[in-house]
1. I'd like the Kirkwood hydrodynamic radius of the range 3-64, using the inverse of the mean 1/r over distinct C-alpha pairs, in Å.
2. Taking 0.36 nm per residue of sequence separation and subtracting the Cα-Cα distance, how much length would be gained by fully extending the chain between residue 50 and residue 14, in nm to one decimal?
3. Given the peptides 31-44, 12-25, arrange them by the average over their residues of other C-beta atoms within 10 Å, most packed first.
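Only the coordinates and a few stated rules stand behind these numbers; no lab work does. On a predicted model such as this, the values are computed, not experimentally measured, just so you know. Backbone-built Cβ (ideal geometry, glycine too); neighbour counts: all protein chains shown.
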Amino acid sequence: MWTAVAATFAQSTFLSLRSFCKSDPAWSKIEAYLKGGAAPVFTYHRFWAQADIALAVGSYAELLE
């Protein structure tokens, strides 16, 4: 687990600074992995990547018209 020393020399961890992660619905998968289980697999929907392609195709269509 990632640890760091803050300016006050108090030891902080990734999770102590981001406790909201524990309220994520997929937290149980991550917690199981941290306890030695299999690595979790997540599928993300990348809106901006799809929007970039749609805009590029639209711009290309404008050139051909």
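1. 15.7 Å
2. 9.9 nm
3. Top of the packing list down: 12-25, 31-44.
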